Amino acid sequence: MRLILLGAPGAGKGTQAQFICERFNIPQISTGDMLRAAVKEGSELGVKVKEIMTSGGLVSDDIIIALVKERISQPDCQNGFLFDGFPRTIPQADAMKEAGVKLDHVLEIAVEDEEIVKRLEGRRVHPGSGRVYHVEYNPPREAGKDDVTGEPVIQRDDDRESIVRNRLAVYHEQTAPLVDYYQAWAAKDPDVAPAYHRVEGVGSVDEITGQVIEALEG
Ligand code: AP5
Ligand code: ZN
């Protein structure tokens, strides 16, 4: 299965990706996680993207498209993959079309902005794996520590409220048009285009996982 998880920052893409990837046995391709790993390593790419990520802006399409093309050519992607946080602009979506990357599903997780601000303030992540928690809604079993490795969980640099507001503005301007893009394509060319599904992202994590699985398998 090849699918795109589409949704605003904090909509729960990373949270749901964990379940979907396990169920369908496919790798999660999170461009955000890949870029954060590059920043942490201090690689050439990391140095280039650090500032823009901290401010909540988007990294250039050329960099992202090259990164994703290289990633999906790897052997573990040959039976499918999940895109989390990609594509995020129309040129990124067009690049996949032009490269002939066949996609089965686009799944939109819809959440209102104010809910997102609350979620991101309380988010904690395990930097090694990208596992996601929330201090209140989805706490790790032991406060401040990852459930699997017991290592500390941390707050992302871009989860401060002013940065979150900027990320939301960027989302509405540059990424939200992909909702129409994929819906229109699915309506026009259903044999070629990925099927479009929309799930309300408000409710417990388990409830939303149930709806997601139903949309993908139903
Ligand atoms: P990226 O890492 O992709 O961040 P994002 O899209 O802003 O999304 P988030 O990771 O913030 O949210 P999420 O939807 O995964 O939510 P999560 O599951 O964590 O990108 C970061 C940066 O990298 C970008 O700003 C940009 O600079 C750059 N970048 C990345 N990709 C790019 C691209 N393609 N092009 C250009 N630039 C790119 O959940 C959030 C919180 O809510 C968690 O605490 C979670 O526990 C909690 N939660 C989840 N579900 C629920 C629920 N049902 N109820 C209550 N709480 C919940
Ligand atoms: Zn994420």
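Just one of (1) buried (at least 18 other Cβ atoms within 10 Å of the Cβ); (2) at pLDDT 95 or above; (3) within 22 Å of Val49 (Cα to Cα) fails for Val111. It is (3).
Evaluate the following for Ala17: is it part of a helix (DSSP H, G or I), surrounded by 22 or more Cβ atoms within 10 Å (Cβ to Cβ) and not β-branched (Val, Ile, Thr)? Write out each step before concluding.
On the way: part of a helix (DSSP H, G or I): yes; surrounded by 22 or more Cβ atoms within 10 Å (Cβ to Cβ): yes; not β-branched (Val, Ile, Thr): yes.
Criteria met by Ala17.
Of all the criteria given as (1) modelled with pLDDT of 95 or more; (2) at positive phi, the one not satisfied by Gly130 is (1).
Please verify whether the stretch 40-56 includes one or more residues that are in a helix (DSSP H, G or I), within 10 Å of ligand 2 (Cβ to nearest atom) and among the polar types (S, T, N, Q). I'd like the intermediate steps shown before the answer.
So in the stretch 40-56, the residues in a helix (DSSP H, G or I) come out as 40-41, 44-55.
Narrowing the set further to residues that are within 10 Å of ligand 2 (Cβ to nearest atom) leaves none.
For the stretch 40-56, residues in a helix (DSSP H, G or I), within 10 Å of ligand 2 (Cβ to nearest atom) and among the polar types (S, T, N, Q): absent.
Screening Glu98, Glu136 for residues that are over 27 Å from Ser55 (Cα atoms) and either of a type in the set (Gly, Ala, Ser) or surrounded by fewer than 20 Cβ atoms within 10 Å (Cβ to Cβ) (or both) leaves exactly one candidate, Glu98. Anything in the stretch 3-38 that is more than 15 Å from ligand 2 (Cβ to nearest atom) and closer than 28 Å to Glu161 by Cβ? List them, or say none. Result: Ala38, single match. Scanning the stretch 71-95 for residues that are part of a loop (DSSP other than H, G, I, E, B) and either surrounded by 15 or more Cβ atoms within 10 Å (Cβ to Cβ) or within 16 Å of the chain's Cα centre (by Cα) (or both) yields Gly80, Gly85, Phe86, Pro87, Arg88, Thr89. Residues considered: Ala93, Ala37, Ala17. Of these, the only one that is touching a residue at least 24 places away in the same chain (Cβ under 8 Å) and more than 8 Å from ligand 1 (Cβ to nearest atom) is Ala93. Condition test on Val68, is it within 13 Å of ligand 1 (Cβ to nearest atom), free of Cβ contacts under 8 Å to residues at least 60 places away in the same chain, part of a loop (DSSP other than H, G, I, E, B) and farther than 14 Å from Leu5 by Cα? Taking the combined requirement at face value, the residue does not satisfy it.
Considering Gly130, Gly122, which residue is touching an Asp or Glu at 6+ places or on another chain (Cβ under 7 Å) and closer than 17 Å to Met53 by Cα?
On the way: Gly122 fails: closer than 17 Å to Met53 by Cα.
Exactly one of Gly130, Gly122 is touching an Asp or Glu at 6+ places or on another chain (Cβ under 7 Å) and closer than 17 Å to Met53 by Cα, namely Gly130.
Quick one: would you say Leu103 is assigned to a loop (DSSP other than H, G, I, E, B) and within 11 Å of ligand 1 (Cβ to nearest atom)? No: the conditions fail for Leu103. Given the criteria under 20 Å from Leu6 (Cα atoms) and in contact (Cβ under 8 Å) with a residue 24 or more places away in the chain, does Ile154 qualify? For Ile154, the condition - under 20 Å from Leu6 (Cα atoms) and in contact (Cβ under 8 Å) with a residue 24 or more places away in the chain - is not met.
Scanning the stretch 124-133 for residues that are surrounded by 19 or more Cβ atoms within 10 Å (Cβ to Cβ) and under 18 Å from Thr209 (Cβ atoms) yields a count of 2.
The values are calculated or read from the model by the stated rules, or taken from the named source; none is laboratory data. Owing to the predicted nature of the structure, the values given are computational and were not obtained by experimental measurement. No Cβ is skipped: glycine too gets one built from the backbone with ideal geometry, and neighbour counts run over all protein chains shown.
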